[in-house]
1. Kindly identify residues of the stretch A:5-41 having a loss of at least 50 Å² in accessible area between the isolated chain and the assembly of all protein chains, probe radius 1.4 Å.
2. Determine which lysines satisfy two conditions relative to A:LYS85: a Cα distance under 26 Å, and not lying fewer than 8 residues away in the same chain.
3. Could you give the length gained on full extension between A:LEU244 and A:PHE146, defined as 0.36 nm per residue of separation minus the Cα-Cα distance, in nm?
4. Please state the charge dipole magnitude for chain B, taken about the Cα centre, from unit charges on C-beta atoms (+1 on K and R, -1 on D and E), reported in debye and rounded to the nearest 20.
5. Which of the residues in the stretch A:197-239 lose at least 30 Å² of accessible area when you go from the chain alone to all protein chains together (probe 1.4 Å)?
6. Please identify, among B:ARG155, B:ARG73, B:ARG144, the residue showing maximal mean-square fluctuation in a Gaussian network model of chain B using a 10 angstrom Cα cutoff.
7. For n ≥ 4 DSSP H runs only, could you compute -39500 (n - 2.57) per run for chain A, divide by its residues and tell me the 222 nm figure to the nearest 500?
8. Among A:LEU84, A:ASN109, A:PHE302, which residue has its Cα positioned farthest towards the positive end of the charge dipole of chain A, with +1 placed on the Cβ of Lys and Arg, -1 on the Cβ of Asp and Glu, and the dipole taken about the Cα centre?
Amino acid sequence: MKSRKFVMFGRIIKGGAVNFLRNAWLSIAAMAVMVVTLSIVLFSFISNATLTNTIQDIRDRIDVSVFLIDEITQEQREDLMSQLKEIDNVRAIEYVSKDQALADYVELNKDNIDLQLAISQTDNPLPASLRLKLVNPDIIDELKGFLDQPDIKKFQSDETSYSGDRKEAIDKIAGATTFIRQAGIVGVVIFAAISVLIIFNTIQMAIFNRRDELSIMRLLGASRWYIRGPFLVESLLIGVLAALISVGLCKAIFTIASETLGASSFGLLDIAYSSRFFADNFWPILGIQLGLGMFIAVTSSFIATQRYLRLSKA
Amino acid sequence: MILLDRVSKTYNRKGATALERISLHIEQKEFVIIVGASGAGKSTLLKLLTREEKPTTGKIIVGGIDYEHLHDRDVPKLRRKIGVVFQDFKLLPNKNVYENVAFALEIIGISSKEIKHTVPRVLDIVGLKGKEKSMPQELSGGERQRVAIARAIVRQPKILIADEPTGNLDPKHAWDVIRVLEKINKYGTTVLLTTHNQDIVNKLKRRVITIADGKVASDHASGEYTL
């Protein structure tokens, strides 16, 4: 009996492949829509990861500069640093001396002769500073409270810089990310629905084309699974091929973007990171795409065959 | 072999009663002819036996299977035990004679080796040796019907239902088909034949059940066509 099931399984697979080829144009159309759906999923997934990474990257660069008066002693400075370390939100502290600050300034403005001239004509006007890296740049109240105490304030030459403008930029990017993420989800849902409908219709059409054969099969005592199986296999093929094509397409796009165009970013998207992310997670991505493609395809053809079997009382 | 106990069938949509309290008992290896005018309920009776329809009331037992307790998913198993031949043959036009017969075995998972062994023997029984490669449209009506019979008996069913198998055939071919059915009956298969052909009914001298207005009008062991 086991071998009989094995024989039937083989015939179901073969039947599905034959259906797929016999239905070639419809299969290709269904596959094309599925490729679009899966590509949108893939694009959303990768761009989401990339933007999240970009934001993290920028957040890492946010620092708070506490400018020190020239008269502060080394002891006072070290005392201040150890007090700052007590604050939970402070991840790291770096001391930037007056000389270092000047060197940084020269480096930063090396193309601007006027500024360089201006600074070289006077004694070094730049203050030394403590550069703080924060765990969470959004929470600065505690730090602010500490720095505003008169005992601490007296060591500061200038207003503390909280990278306010940079934070604003980050919030903007974060907003864009949320928008892209939401748009991605809407796109995925819409195209998934279209895919389901098209595959459903493809299978309905295949059933319609073979209705005489199917009714004879029923009368001869073919089991429900034997009747349904080839259609599920056909849709499975559509799903698998669509997944492979969408992943292949994505790979081709990255190759072209990075090699031919030499582009490193596309708007907000850091192509180099996207490409790396795609390469590092190639197998999981392929797995997700295959799983999703097969799920959408099989669900729709399952519904279509269920409908046929119910209506025909098989 | 076949037992019908006060079986009625009402089609809800039409509100018409197709069969009314039919009781029948058919023994194993019997050759039974069912006659009746069009619309008398013959087809409904056969559809009840193949479980294409369910009775409104009454009990049906075929080959020990009580239809009342038969789950939908087990219907295919039932149909494998009953061979059916139709007036319009129901052959697959894109398959040749051999493939049409083999099809009945393929769908229940018989190995290709066994199919190669069985199909030629059955084609021999129905007198179609040498026509294996012919397509249905190249065959005469009688030959097509014999392909259909071969397909119905290739799984060695206990029961063969032939629903007006001679309806579309000229007298000579009709008799060819009837001779094949008699041969199969001789090998031990119960045969249920419906027909409008008076000549066949009268010459066969078999049990004849006459259905009229959804009821059994007569049931004679060696009957004649009385409509």
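The values are calculated or read from the model by the stated rules, or taken from the named source; none is laboratory data. Just so you know, these numbers come straight off a predicted model, no measurement behind them. Methodologically, a virtual Cβ is constructed for each residue, glycine included, from the backbone with ideal geometry; neighbour enumeration extends over all protein chains shown. With ligands, DNA and RNA removed, areas are computed over all heavy atoms of the protein, side chains included. Shrake-Rupley method; radii C 1.70, N 1.55, O 1.52, S 1.80 Å.
1. A:ARG11
2. Partners within reach: A:LYS98, A:LYS133, A:LYS144, A:LYS153, A:LYS154, A:LYS167.
3. Full extension of this stretch gives 29.6 nm more.
4. It comes to approximately 420 debye.
5. Listed in order, they are A:GLU213, A:ILE216, A:ARG218, A:LEU219, A:LEU220, A:GLY221, A:ARG224, A:TYR226.
6. Between B:ARG155, B:ARG73, B:ARG144, it is B:ARG73 that shows the largest mean-square fluctuation.
7. For chain A, the value works out to -25000 deg cm²/dmol.
8. Highest projection toward the positive end goes to A:PHE302.
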